[in-house]
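The values are calculated or read from the model by the stated rules, or taken from the named source; none is laboratory data. In this text, all values refer to a predicted model and were calculated from it rather than measured experimentally. Cβ coordinates were reconstructed from backbone atoms using ideal geometry, including for glycine residues, and neighbour counts include every protein chain displayed.
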Amino acid sequence: MKYISLLGLLLLLYPCLVSAQQKEAKVDSTYTPYELLSSYYNGNFHPFKKKNIYIGVDFNIEDKKLENTDYIIQKILDGERLNYDIHLKGGYYTGDYGMVGINFNYFNNRFDGIIFQDPDTVSSNSISRGFAFTPNFRSSVPLTSNERLSFFAQFGITFGVSNELNTTTKNMDEIERIYTDNFNFRLGVSPGLTFFAMENFAFEVQLDLLGYELNAAKRKINGIEESTQIRQNVNFEIDILSLQLGLAYYFGEGLRR
């Protein structure tokens, strides 16, 4: 008896379920894929609310083959350059549109090749690697009513260390090794844009604009300490080389309030 009653209930509900699915399909068919994707942001979408969490990453790689390439003081006859760096970012919104965060950066640059330095032709091998931490504060300003596109300004303090080894060989047996230790400190402001492409995922564009930088370098040639150099620099310019393109993800209890 129970099975007969359950079967009857399903038979009564089936036409209603079919009708609801047909109506939903009809509504969906009236929208383009872009409109369906954008509808996510038409409700209570608040990515920069207090207690939300931000995670970001960007990665750059350069693998270049060089032949007969002229530079100011030398010419690369044949060489290969491989550079990459990665930025990992995280933050927490302590208030609406205000975030405290920390960034981590690691880079590795390598070159192997034959170089002409008048009047000699030398074999050159160099490798440099380093890392840096940047505690920061970011303030965001929405440019659209649904906060899908926004401008931000980030103030950060960077502490970084790196080392470099450059080995040159000429006349088969004349070898020179230059080892350099670097310490870097920077105070800077970096503006950028955030655009949410798909739900909580966003693309970010950021570059260094204003900053003060201190660099201390200690150099040794063939194991003998030669020099210590300290450089300071203040800049206010658009540095295209500092442009960062990255992917970010926002989540938290205030995201869909």
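Would you say Ser124 is among the hydroxyl-bearing types (Ser, Thr, Tyr), modelled with pLDDT under 90, in the same structural domain as Phe203 (by TED's automatic domain parsing) and closer than 29 Å to Asn215 by Cα?
Yes: the conditions hold for Ser124.
Quick grid of which residues meet (1) of a type in the set (A, V, I, L, M); (2) outside the structural domain of Arg148 (by TED's automatic domain parsing); (3) under 25 Å from the mean Cα position of the chain (by Cα):
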{"residue": "Leu187", "(1), (2), (3)": "yes, no, yes"}
{"residue": "Phe195", "(1), (2), (3)": "no, no, yes"}
{"residue": "Ala202", "(1), (2), (3)": "yes, no, yes"}
{"residue": "Gln206", "(1), (2), (3)": "no, no, yes"}
{"residue": "Glu213", "(1), (2), (3)": "no, no, yes"}
{"residue": "Ile221", "(1), (2), (3)": "yes, no, no"}
{"residue": "Ser227", "(1), (2), (3)": "no, no, no"}
{"residue": "Ile238", "(1), (2), (3)": "yes, no, yes"}
{"residue": "Leu243", "(1), (2), (3)": "yes, no, yes"}
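Among the residues that make up segment 188-198, is at least one of them exposed (fewer than 15 other Cβ atoms within 10 Å of the Cβ) and modelled with pLDDT under 90?
Yes, segment 188-198 contains a residue that is exposed (fewer than 15 other Cβ atoms within 10 Å of the Cβ) and modelled with pLDDT under 90.
Could you look through segment 64-92, keep only residues that are of a type in the set (A, V, I, L, M, F, W, C) and part of a strand (DSSP E or B), and pick out the one that is farthest from Tyr54 (Cα to Cα)?
Out of the qualifying residues, it is Leu77.
For segment 41-98, enumerate the residues that are within 21 Å of Phe201 (Cβ to Cβ), out of contact with any Phe, Trp or Tyr (no Cβ under 8 Å at 6 or more places or on another chain) and of a type in the set (A, V, I, L, M).
Selection gives Val57 alone.
Here are some residues: Phe116, Phe137, Phe159, Phe111. Which one is out of contact with any helix residue (DSSP H, G or I) (no Cβ under 7 Å at 6 or more places or on another chain), over 16 Å from Gly98 (Cα atoms), among the aromatic types (Phe, Trp, Tyr) and surrounded by 15 or more Cβ atoms within 10 Å (Cβ to Cβ)?
Answer to the check: Phe111.
Per-residue answers, yes or no, for (1) modelled with pLDDT under 95; (2) under 26 Å from Phe59 (Cβ atoms); (3) not assigned by TED's automatic domain parsing to the domain that holds Asp70:
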site: Gly90; (1), (2), (3): no, yes, no
site: Gly101; (1), (2), (3): no, yes, no
site: Phe104; (1), (2), (3): no, yes, no
site: Asn108; (1), (2), (3): no, yes, no
site: Asp112; (1), (2), (3): yes, yes, no
site: Gln117; (1), (2), (3): yes, no, no
site: Arg129; (1), (2), (3): no, yes, no
site: Pro135; (1), (2), (3): no, yes, no
site: Ser140; (1), (2), (3): no, yes, no
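Residue by residue through segment 38-63, note down the ones that are assigned to a helix (DSSP H, G or I) and surrounded by fewer than 16 Cβ atoms within 10 Å (Cβ to Cβ).
Ser38, Ser39, Tyr40
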